[in-house]
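Encoded as structure tokens, the structure appears first; notes follow it.
The values are calculated or read from the model by the stated rules, or taken from the named source; none is laboratory data. Remember, it's a predicted structure, so these values are computed and weren't measured experimentally. So basically every Cβ, Gly included, is an ideal-geometry build from the backbone, and we count neighbours across all protein chains shown. Please note that ligands, DNA and RNA were not included when accessible areas were found on the heavy atoms of the full protein model with its side chains. Shrake-Rupley method; radii C 1.70, N 1.55, O 1.52, S 1.80 Å.
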Amino acid sequence: MGYGAITTPMSLKAYDEALTRFGTMTLRDLMQPAIGYAEEGFMVRPHVSYFWNLVEGGGRAPHRDRVTRLAEARRIYQKDDGSLRKPGEILKNPDLAATYRQIASEGVDSFYRGAIAERIIADMEANGGYLTREDLQSVSINEAGPLWGDYRGHRIATNNPPGGGVMVLEMLNILENFDLAAMGHNTPDYIATVSEAMKIATVDKDQSVGDPNFVNIPMERLTSKTYAAEMAERIRSGVKTSVPRLNSGAKESKDTTHISVADEHGNCVAMTHSLGMPSGVVTPGLGFMYNGCMSVFDPRPGRTGSLAPGKSRFTAMAPTMVFRDDEPFFVVGAPGGTYITMGVLQAILNVVDFGMNAQEAVSAPRFCTTSDTIDITNRITRRTESALKAQGYAARRSPLGYHFAGVHALRKTAAGWDGGADPARDGIALSV
């Protein structure tokens, strides 16, 4: 965390481009609700409070440090007595409201080339940040089409690398070779089979997936049905894939949000946004905290995720759409760091293989296997855990009943859309 962890903030430019090309409202009008929440305050929700007080492993600073270490962040997040606001209390951020008003009035160029940019650069130069004027002014839009695949007769559209969509497709391709419904949802055989697919995709990601402008990614192999069938046969033969881990198992930061939206015209959006790992830095008077994405790269040179100028980091974010008869059927995505692809995968399986509605699909007990240990939520039975251990697996039980990403989804039915918001988070499914 700190000024040295900040990479170029590019999302605002992308949102403005999407709005200009496809939107029906002005930026000024769209920003009014956000201005209101910043000015008048929002009620601290349980998950926000939980996040502020979370202490992660792997040598990472407690989350509290990210909102209290530097003076400007303390001024926003800390009360006069030094405590953080509790659930139900109101947090106001008038500086952020003023920044939003300026962007709404002057456009996003104010952030990248105008008055806001000048304040950003002055702060970076005064505190040793690597973000430069040239970085801000050179921000441009890189448009990529979706990554397409299919699963049990459904077309799948997801994101290209350096996003996690390729992992979702690889796992679906492998699992298409099994009768998952016959195994039964979250039975020991089901969890073991899906976990092996998770491990294979994780190893392939670690070895081969990164920024395609810097890494030669073997996409044809990773998305191949033939390769998937070979991996399925490997699973059937009883081979347990080992996932090399050189740290204590700490996960990528989970400071991410996701929305799934559909309108009356049939337009659908699945969008995931992340700070990667908040830096703790707030420029005086601007009110927003910068990302800390520099620290999400691999510090070791010569690897797919190694740090390099102009390089995008790998992220497990995987906003995905499932199509039935060329019509959007299931729109899904999640925050949750390296858990994201695993949460999205299980939501798709829950809908396609087990016929769940959107809320059931995102609420069902999940597991996550990105190492040699199967992590399970506390709602998966101990009998199932014991059976997995009898098969030779290490299993680790979370104290949380809802965990491993915060999946949010929409599902189209003959009667219209139904929605699901993960009970572990503070999201909502809403029709307007």
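Solvent-accessible area per residue for the chain at a 1.4 Å probe radius, Å²?
Value for the chain: 46 Å² per residue.
Which whole-number percent gives the relative contact order of region 301-432, counting Cα pairs below 8 Å spaced six or more residues apart?
Here the relative contact order equals 24 percent.
Rounded to the nearest 500 deg cm²/dmol, what is the calculated helix-only ellipticity per residue at 222 nm for the chain, with -39500 (n - 2.57) per DSSP H run of length n ≥ 4?
Taken over the chain, the calculation gives -10500 deg cm²/dmol.
How much of the accessible area of the chain, probe 1.4 Å, is carbon plus sulfur, in whole percent?
52 percent
Of VAL55, ILE6, TYR151, whose Cα points farthest to the positive end of the dipole of the chain (charges on the beta-carbon: +1 Lys, Arg; -1 Asp, Glu; origin at the Cα centre)?
VAL55
Tally Lys/Arg at +1 and Asp/Glu at -1 over every other residue whose Cβ is under 15 Å from the Cβ of ILE121; what's the total?
Charge balance near ILE121 sits at -3.
Quick one: net charge of ALA390's neighbours, Cβ under 13 Å, K/R +1, D/E -1?
It works out to a net charge of +1.
With springs only between Cα atoms under 10 Å, which of ASP189, ASP179, ASP206 fluctuates most in a Gaussian network model of the chain?
Maximum fluctuation in the GNM of the chain, among the listed residues, is at ASP179.
Could you tell me which label, among [x] 31, 26, 24; [y] 36, 24, 23; [z] 45, 28, 25, carries the value of semi-axes √(5λ) of the Cα gyration tensor in Å calculated for this structure?
The value computed from this structure is option [y].
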